[in-house]
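One structure below.
The values are calculated or read from the model by the stated rules, or taken from the named source; none is laboratory data. The structure presented is a predicted model; accordingly, all values stated were derived computationally and were not measured. Heads up, the Cβs are rebuilt from the backbone with ideal geometry, glycines too, and the neighbour counts pull from every protein chain shown. The area values use the complete protein model at the heavy-atom level, side chains included, leaving out ligands, DNA and RNA. Shrake-Rupley method; radii C 1.70, N 1.55, O 1.52, S 1.80 Å.
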Amino acid sequence: MVNTILKEADLFCPNSVRINFTIYHTPITAILPSLTKDPDERTNLASARMVMTNIGTAVIGAITLPMVAQLGGKNAEKGWLIWGVIIGIAIIALFLGAFANLREKDDIVAETEDAPEIKGHLSVKDSLKGAAKNKPWLILSASFILLQTFWMMRLQTAVYYLTYVSHQPALVGAFNGLVIVAVIGNISVPFLSKFMKHRNVMILAMVTFAFGELLMAFKNIPLLFIGNVIALVAMGAAFSIAFVMIADTVEYSRSELHIDEPGILSAVPMVGAKLGMGLAGLISGWLLSWGGFNAAAKVQGAKAVTAIATNFIWVPVVLALVIGGILYLWYQLDESKIASAKAAKEAEKKLSEEDA
């Protein structure tokens, strides 16, 4: 929910909000592997987080303009200012409430302290050296950059696609309002992860997203909405499982590489996500410039229409399939095997302690 409020607050102080959004986002991601060793529980926690984010996005998006009008009357600036203060207070309350009641699992902390071979509290340089040996983490970080790149490209050009390619500007609100269906994808992740590896859940999400995008290429109104629903559900699953996979790579580093540095391992993918957002703006801008897009024109030329469709459909489809291919070929982390090995080691340790 805090995710949503910070995004909406971007209307008031974009630079400071983006910085704070990144600062808080890293520890929330980093703490996940310290809350539980059970991969199923981590999946449930990440899914719940994304469910609340998407519900909050829909609710805040629906009430912001009416609240601004109510609070400011004819003075829109006053309305935005008051609404911004209310949002700021809500952020503070939610942060204090969340972190005051958050506890790391004592057995996880004790396990690290009792294992001298596990290295923690390293310098940034040594942490990055250790991270470079974590192949699943490297692959996931690269995938995160691509994921954010195509997703932001799609978001940035949705209005253009409906207006100039599908010629349905009146449907923009309804089209964008479907974001709430991403909750279905969030909820599906715990179920899917019981039957397949986390990697395969992400691959399935990427292939499903590509299918939904391709349906929208037909410029048929029913297919436009059906394709959007499929794509949004797939992305709901993708973002939920992505945070679980980050936690998996942290656990892999701890158990296989004997390095306990959840902060740096969680921070770098987040930095990659910001890099992906920047790349999205760069690529989108370049494509629209190449196509000769003119925001003042009511009708765009054929080249501009191609550029918009490439931004909204074709680049996202290609990058989604690339992510799926990368994960299928090179991401070999099996979270269930790591969890089983740890359980066996703990059982053996407990047995030896009882014998002693």
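Inspection of the stretch 248-265 identifies at least one residue that is out of contact with any His (no Cβ under 8 Å at 6 or more places or on another chain), at pLDDT 85 or above and either over 27 Å from ALA132 (Cβ atoms) or β-branched (Val, Ile, Thr) (or both). No other residue among PHE211, PHE243 is more than 15 Å from the chain's Cα centre (by Cα) and part of a helix (DSSP H, G or I) apart from PHE211.
Inspect all residues belonging to the stretch 286-302 and state whether any of them is closer than 30 Å to SER127 by Cβ and either assigned to a helix (DSSP H, G or I) or open to solvent by 60 Å² or more (accessible area, probe 1.4 Å) (or both). No.
On inspection, LYS274 does not qualify as open to solvent by 10 Å² or more (accessible area, probe 1.4 Å), outside any helix (DSSP H, G or I) and either in contact with a strand residue (DSSP E or B) (Cβ under 7 Å, 6 or more places away or on another chain) or charged (D, E, K, R) (or both).
Out of all the residues in the stretch 175-198, which are open to solvent by 30 Å² or more (accessible area, probe 1.4 Å) and not polar (S, T, N, Q)? Working first, answer last.
Taking the stretch 175-198 and keeping what is open to solvent by 30 Å² or more (accessible area, probe 1.4 Å), we get 176-180, 184, 187-188, 191-192, 194-197.
If the condition is that a residue be open to solvent by 30 Å² or more (accessible area, probe 1.4 Å) and not polar (S, T, N, Q), then GLY177, LEU178, VAL179, ILE180, ILE184, ILE187, PHE191, LEU192, LYS194, PHE195, MET196, LYS197 are the ones that fit.
Checking each residue in the stretch 107-137 for being modelled with pLDDT of 80 or more and touching a Phe, Trp or Tyr at 6+ places or on another chain (Cβ under 9 Å) picks out ASN134, LYS135, PRO136, TRP137. Note on the stretch 51-108: residues that are part of a loop (DSSP other than H, G, I, E, B), under 30 Å from GLU251 (Cβ atoms) and open to solvent by 70 Å² or more (accessible area, probe 1.4 Å) total 4. Selection over the stretch 64-101 of residues that are touching a Cys at 6+ places or on another chain (Cβ under 9 Å) and at pLDDT 85 or above gives a count of 0. Comparison of ASN294, ASN311 shows that the only residue that is farther than 25 Å from LYS133 by Cα and in contact with a Leu (Cβ under 7 Å, 6 or more places away or on another chain) is ASN311. Here LEU257 passes the criteria (1) without any contact (Cβ under 8 Å) to a residue 24 or more places away in the chain; (2) surrounded by fewer than 21 Cβ atoms within 10 Å (Cβ to Cβ) except the one numbered (1). Among the residues of the stretch 141-174, the ones that are under 17 Å from the mean Cα position of the chain (by Cα) and open to solvent by less than 40 Å² (accessible area, probe 1.4 Å) come to 10 in all.
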